[in-house]
Amino acid sequence: MEIVRTISWMKQAARNARQQERVLGLVPTMGALHEGHFSLIREAKKQCAPVAVSIFVNPTQFGPGEDLSKYPRTLDADRKALEDMAVDYLFAPTAEEMYPAGFRTAVHVEGLSERLEGKTRPGHFRGVATVVLKLFEIVQPNLAFFGRKDAQQARILRQMASDLNLDTQLVICPIVREPDGLARSSRNAYLKGDDRRAATALYRSLDAMQLEIGGGERDAARLLEVMRGALRSQPGVETDYAEIVDAETFEPAMALRKACYALIAARVGGTRLIDNALIEPEGDSLRVTL
Ligand code: AMP
């Protein structure tokens, strides 16, 4: 595995791969790698060679007072895991390399970026879209792999790729969970003791919603009540939002006739967690994917 620190070196390596007509894959991450990331990398390895993984804790997607300075950084362990997975390139630039003095440009996907995560975290998706476009320009991957765990992010990046005629195709991979349902996240490292147990409330809320749908419930308002009720009944969990939205527009869904996401964000202790379930019409019934 080549460890690449500079943009010019990464561009050169990617150019070489493209000249050999190889299918180049990119998995963008912020590091503190876990099974969620590994599942993306395994999918990338199935579809691409070579595979580049980027590790960059992107400062512009963190708001003031968020966890940028304490975000887990485990580069040595990450590097070893990526080597074991036979990843070809680890691209780990510094913040100065990505944002040199005088940097002024941003990508903003209007509308989709202001709701839900964007409402609580103003500027977050502007930072995400900007860094992902930069990574796409540096690596010019044929395929880039993202997790459905960050469903709104995936939707915004797909819009960006379409609006800006990017050649990179996005592949969205399933959510990887702990045995008790908690979605894997680098931020789970913050959860200790009671908080760790309480954190499963997000999954349990989505699971309760799934059960209602299985029982024939089709009313979004009623399903929301069930989700919110499950979150409320767990001490130590403070719900930021629990919504059912159209999977395209991310506007509240009244009827479940098209694909929707049930989305949750909640604070457990000092840690902000997100999770979601995909709800899709399937014949006369609905398929729920947690
Ligand atoms: P992050 O390092 O948190 O920025 O995540 C990097 C990528 O991994 C994003 O596309 C995430 O959606 C994805 N990811 C994070 N956690 C999971 C998970 N539990 N299951 C699937 N994908 C995930």
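The values are calculated or read from the model by the stated rules, or taken from the named source; none is laboratory data. None of the values given here were measured: they were computed from a predicted structure. Positions of Cβ are backbone-derived with ideal geometry, glycine not excepted, and every protein chain shown enters the neighbour counts. With ligands, DNA and RNA removed, areas are computed over all heavy atoms of the protein, side chains included. Shrake-Rupley method; radii C 1.70, N 1.55, O 1.52, S 1.80 Å.
Look at (1) open to solvent by less than 20 Å² (accessible area, probe 1.4 Å); (2) modelled with pLDDT under 95 and you find that ILE244 fails only one, number (2). Residues in region 250-273 that are open to solvent by 30 Å² or more (accessible area, probe 1.4 Å) and touching a Gly at 6+ places or on another chain (Cβ under 8 Å): GLY269 alone.
Restricting attention to region 36-61, the residues that are farther than 21 Å from VAL176 by Cβ and either surrounded by fewer than 18 Cβ atoms within 10 Å (Cβ to Cβ) or out of contact with any strand residue (DSSP E or B) (no Cβ under 8 Å at 6 or more places or on another chain) (or both) total 5. Mind checking whether some residue in region 133-143 is open to solvent by less than 40 Å² (accessible area, probe 1.4 Å), more than 14 Å from the ligand (Cβ to nearest atom), more than 21 Å from the chain's Cα centre (by Cα) and among the β-branched types (Val, Ile, Thr)? No, there is no match, as no residue in region 133-143 is open to solvent by less than 40 Å² (accessible area, probe 1.4 Å), more than 14 Å from the ligand (Cβ to nearest atom), more than 21 Å from the chain's Cα centre (by Cα) and among the β-branched types (Val, Ile, Thr). In this structure, ASP195 qualifies as among the acidic types (Asp, Glu) and away from the ligand (no atom under 13 Å from the Cβ).
Yes/no per residue for (1) assigned to a helix (DSSP H, G or I); (2) within 15 Å of PRO141 (Cβ to Cβ); (3) within 8 Å of the ligand (Cβ to nearest atom):
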{"site": "MET10", "(1), (2), (3)": "yes, yes, no"}
{"site": "ARG15", "(1), (2), (3)": "yes, yes, no"}
{"site": "GLY31", "(1), (2), (3)": "no, no, yes"}
{"site": "GLY36", "(1), (2), (3)": "yes, no, yes"}
{"site": "LEU40", "(1), (2), (3)": "yes, yes, yes"}
{"site": "GLU43", "(1), (2), (3)": "yes, yes, no"}
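For residues in region 176-190 being crowded, with 16+ Cβ neighbours inside 10 Å and in a loop (DSSP other than H, G, I, E, B), which is farthest from the ligand (Cβ to nearest atom)? Among those residues, the one meeting the criterion is GLY181.
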